[in-house]
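Notes follow once the structure below has been shown.
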Amino acid sequence: MEITSTLFTAKAIYVGAIFAVTLGVATYSTYFERIVAAFMQDRVGPDRAGPFGIFQPLADAVKMFMKEDFIPAQSDKWLFIAGPCLSMLTALMTSAVVPFGDTLDLGNGLMLDLQGIDVNIGILWVFGIVSLGVYGVLIGGWASNNKFALIGAIRAASQNISYELAMGLSIIAILMLSGSLSTKNIVEVQQNGHWNILYQPLGFVIFIVCAFAECNRTPFDLPECETELIGGYHTEYSSMKLGFYLFSEYINMFISGAVMATLYFGGYDYPGHDFIVGKFGNNIAVLLGVGAVIGKALVFVFIFMWVRWTIPRFRYDQLMGLGWTGLIPLAMFNVVLTGAVMLFTVNEGGSNWITVAGSWAGVAIMLVFMAFYSQAQYKKKKLATA
Amino acid sequence: MNFWYFLTALTLLSALMVVLSKNPIHSVLYLVFTFFCISGHYVLLNAQFLMVVNIVVYAGAIMVLFLFVIMMMDLSKNMPDSKTTITKLAGAVLGGTLLIIVVAATRKMDLREVVSPQTFSSQTGMVEGLGKILYRDYVLPFELISVLFFVAMVGAVMLGKREAGERNF
């Protein structure tokens with residue numbers, strides 16, 4: 001009983017810490033979003049609240065809380081309140097299965113797994129929660145009783161469903177390589193530099209594009225497209241309800257960065273792990289691994305911002321065309337390519353480098369083929385019009 | 001066991017609310033909640049894979065499409081009662097048949113035969129066990145179902161596709 005209760009306390013502290021880190025990163029993402037935007041547009045950015053404006057998120061939070069909390073008269077009141085709550089809930093639930101670190105030795109034979117729950121369906125859990133993420137937007141947009149909000153909600157729904165398919169297919173290739181649905185196993189397979197990005201260059205590109213679409217980030221932020229829909233699904237929202245919607249977007253960015261680090265970039269693996277274990281002991285190495293996951297996730301958060309201030313928004317038919325006729329066939333090709341490469345190398349006991357070379361060669365051949373094909377199509381069209 | 005009773009009561013309550021609530025959107029949301037309760041039952045039965053697939057497929061995809069379609073409809077317009085006596089009768093017959101099938105299947109089950117802890121495998125409902133059974137013992141039905149799915153997909157595309165100049169059904 002003693003051991004269970006100590007382990008329980010340790011796990012509770014771990015969960016609380018991950019929750020705090022997630023919220024803290026999301027808070028300061030809003031600040032760095034503006035800093036990055038200011039840097040890219042050659043402006044100064046927020047510099048009023050505190051030194052370098054680092055208290056800007058606090059000022060924003062106070063402003064959000066002080067605003068009038070308005071609920072439209074003709075809206076469905078309970079669903080209007082439930083919308084932002086659901087958004088926050090689904091944004092925070094994904095981190096339960098992300099392994100933020102290896103096992104920590106607490107002394108007295110206590111081993112703390114630095115992962116919320118190690119279920120053997122971890123990656124499907126992520127997939128399930130991502131597919132539920134659209135409910136917050138959908139319910140909020142409908143409950144507002146506003147045409148623009150409704151169009152935003154419907155766009156969000158169709159966009160999420162379209163990009164989920166390609167995302168699922170790109171995950172299947174990862175499952176084929178690691179042979180397990182557990183996120184912990186997927187990370188363990190990638191230890192010592194065998195990161196999945198080496199075997200799955202195409203899968204990673206598909207996954208990151210789908211992650212942009214699932215987070216409703218530019219260039220896929222059609223649900224809140226200001227030029228067409230005022231504010232999209234959150235047109236009618238004000239005060240902290242709007243804050244929850246915006247905040248859940250930043251949480252989603254961080255968590256999807258952590259998921260990408262887990263699936264493609266070795267999770268808590270980092271170069272020089274064995275050296276640290278030999279010199280400072282296991283626990284320091286494990287804590288550095290936690291830092292590695294968070295650092296990789298932050299790099300992805302930066303990429304999200306970088307893309308947002310670089311690429312303009314797609315048109316809606318372009319978005320759907322990319323999802324259905326671009327990414328899904330590519331993801332299917334990726335599954336076939338992964339299967340072929342595994343068949344010819346892994347099962348025959350060949351070296352890992354052959355697998356890596358095979359994966360990249362397949363992608364290169366596909367690109368060359370696509371280039372020739374589109375050239376031929378272009379010439380045919382030109383002949384037809386001339 | 002107490003949790004099972006709580007979960008079952010919640011499931012039945014939300015399933016009733018699906019039928020009883022006036023607003024179709026509320027119905028769909030109650031249905032989503034019912035699926036979550038059923039997923040909870042799967043967890044209690046040690047079937048994690050079924051639980052998560054239930055959430056991904058039903059709550060995550062099909063119900064989103066339901067909501068999508070219902071939101072497009074004008075709910076403020078009072079629709080005339082389209083349920084004639086024949087549709088009501090047909091519904092009653094279909095529901096009754098389903099009930100009889102379920103009751104008959106339950107009666108055949110022998111609940112007295114308790115699984116002994118010695119022979120019980122904790123990996124029964126896990127994805128590895130399920131995959132082995134599906135691909136070893138039931139591979140032909142499994143593949144036939146996938147063919148059926150493919151046919152359904154092609155049919156849906158055929159119905160949804162509009163040729164140039166063709167009347168839209």
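The values are calculated or read from the model by the stated rules, or taken from the named source; none is laboratory data. For clarity, every value in this text was computed on a predicted model and none was experimentally measured. Cβ coordinates were reconstructed from backbone atoms using ideal geometry, including for glycine residues, and neighbour counts include every protein chain displayed.
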In the stretch A:15-59, what residues are at pLDDT 85 or above and among the acidic types (Asp, Glu)? A:Glu33, A:Asp42
Some residue of the stretch A:246-268 being surrounded by fewer than 21 Cβ atoms within 10 Å (Cβ to Cβ) and not in a helix (DSSP H, G or I): no
So which residues in the stretch A:164-193 are among the hydroxyl-bearing types (Ser, Thr, Tyr) and under 17 Å from B:Phe49 (Cβ atoms), if there are any at all? A:Ser178, A:Ser180, A:Ser182, A:Thr183
Could you go through the stretch A:154-176 and let me know if any residue there is over 20 Å from the mean Cα position of the chain (by Cα) and part of a helix (DSSP H, G or I). yes
Considering only the stretch B:19-74, state which residues are touching a residue at least 40 places away in the same chain (Cβ under 8 Å) and either among the β-branched types (Val, Ile, Thr) or at positive phi (or both). B:Ile25, B:Val28, B:Asn46, B:Ile70
Selection from the stretch A:118-145 of residues that are more than 11 Å from chain B (Cβ to nearest Cβ) and touching an Asp or Glu at 6+ places or on another chain (Cβ under 9 Å): A:Gly140, A:Ser144
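Yes/no per residue for (1) in contact (Cβ under 8 Å) with a residue 60 or more places away in the chain; (2) assigned to a helix (DSSP H, G or I):
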{"site": "A:Thr9", "(1), (2)": "no, yes"}
{"site": "A:Tyr14", "(1), (2)": "yes, yes"}
{"site": "A:Phe32", "(1), (2)": "yes, yes"}
{"site": "A:Ala37", "(1), (2)": "yes, yes"}
{"site": "A:Gly45", "(1), (2)": "no, no"}
Close pairs from the stretch A:289-309: first outside any helix (DSSP H, G or I), partner surrounded by fewer than 18 Cβ atoms within 10 Å (Cβ to Cβ), Cβ under 9 Å, at least 6 apart: A:Trp309/A:Ala37; A:Trp309/A:Phe39; A:Trp309/A:Met40; A:Trp309/A:Gln41
Given the conditions (1) surrounded by fewer than 21 Cβ atoms within 10 Å (Cβ to Cβ); (2) closer than 28 Å to A:Ile18 by Cβ; (3) in contact with a Leu (Cβ under 8 Å, 6 or more places away or on another chain); (4) more than 8 Å from every other protein chain (Cβ to nearest Cβ), and given that A:Phe148 satisfies all but one, which numbered condition is not satisfied? (2)
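Take B:Leu75 and tell me if it is within 14 Å of another protein chain (Cβ to nearest Cβ) and at pLDDT 90 or above.
Working: within 14 Å of another protein chain (Cβ to nearest Cβ): yes; at pLDDT 90 or above: no.
Criteria not met by B:Leu75.
If I ask for residues that are among the acidic types (Asp, Glu) and either within 14 Å of chain B (Cβ to nearest Cβ) or surrounded by fewer than 22 Cβ atoms within 10 Å (Cβ to Cβ) (or both), which ones from the stretch A:102-112 would you list?
A:Asp105
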Residue set A:Leu181, A:Leu169; condition more than 10 Å from chain B (Cβ to nearest Cβ) and within 24 Å of A:Gly339 (Cβ to Cβ); output residue A:Leu169
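Do the conditions hold for A:Trp195, that is, is it within 14 Å of chain B (Cβ to nearest Cβ) and either of a type in the set (Phe, Trp, Tyr) or surrounded by fewer than 21 Cβ atoms within 10 Å (Cβ to Cβ) (or both)? Let's see the steps before the verdict.
Values: within 14 Å of chain B (Cβ to nearest Cβ): no; either of a type in the set (Phe, Trp, Tyr) or surrounded by fewer than 21 Cβ atoms within 10 Å (Cβ to Cβ) (or both): yes.
Taking the combined requirement at face value, the residue does not satisfy it.
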So is A:Ser158 under 25 Å from A:Ile206 (Cα atoms) and either out of contact with any strand residue (DSSP E or B) (no Cβ under 7 Å at 6 or more places or on another chain) or at the interface with chain B (Cβ under 7 Å from one of its Cβ atoms) (or both) or not? yes
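Are any residues in the stretch B:1-59 small (Gly, Ala, Ser) and more than 17 Å from the chain's Cα centre (by Cα), and if so, which ones? Lay out the reasoning, then the answer.
First, pick out the residues of the stretch B:1-59 that are small (Gly, Ala, Ser): B:9, B:14-15, B:21, B:27, B:39-40, B:47, B:59.
Matches in the stretch B:1-59: B:Ala9, B:Ser21.
Could you tell me whether any residue of the stretch B:112-130 is part of a helix (DSSP H, G or I) and either over 30 Å from A:Thr90 (Cβ atoms) or modelled with pLDDT of 85 or more (or both)?
If we filter the stretch B:112-130 for residues that are part of a helix (DSSP H, G or I), which is where we start, we get B:127-130.
Pick out the ones that are also either over 30 Å from A:Thr90 (Cβ atoms) or modelled with pLDDT of 85 or more (or both) and you get none.
No, every residue in the stretch B:112-130 fails to be part of a helix (DSSP H, G or I) and either over 30 Å from A:Thr90 (Cβ atoms) or modelled with pLDDT of 85 or more (or both).
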So A:Cys210 fits all but one of (1) within 14 Å of another protein chain (Cβ to nearest Cβ); (2) within 30 Å of B:Ile70 (Cβ to Cβ); what number is the exception? (1)
Apart from one, (1) closer than 23 Å to B:Pro24 by Cα; (2) modelled with pLDDT under 80; (3) of a type in the set (D, E, K, R) all hold for B:Lys88; the odd one out is (2)
Are any residues in the stretch A:18-62 touching a helix residue (DSSP H, G or I) at 6+ places or on another chain (Cβ under 6 Å) and of a type in the set (Gly, Ala, Ser), and if so, which ones? A:Ala26, A:Ser29, A:Gly45, A:Ala49
Pair list, Cβ under 7 Å, 6 or more apart: the stretch B:127-138 residue in contact (Cβ under 8 Å) with a residue 24 or more places away in the chain, other residue assigned to a helix (DSSP H, G or I) and surrounded by 11 or more Cβ atoms within 10 Å (Cβ to Cβ): B:Val127/B:Phe49; B:Leu130/B:Phe49
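The rows are residues; the columns are (1) within 10 Å of chain A (Cβ to nearest Cβ); (2) surrounded by 20 or more Cβ atoms within 10 Å (Cβ to Cβ).
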site	(1), (2)
B:His26	yes, no
B:Thr34	no, yes
B:Ser39	yes, yes
B:Tyr42	no, no
B:Asn46	no, no
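Which one of these is part of a loop (DSSP other than H, G, I, E, B), more than 8 Å from chain B (Cβ to nearest Cβ), crowded, with 21+ Cβ neighbours inside 10 Å and of a type outside the set (Ser, Thr, Tyr): A:Gln74, A:Gln115?
A:Gln115 is the lone residue from the list that is part of a loop (DSSP other than H, G, I, E, B), more than 8 Å from chain B (Cβ to nearest Cβ), crowded, with 21+ Cβ neighbours inside 10 Å and of a type outside the set (Ser, Thr, Tyr).
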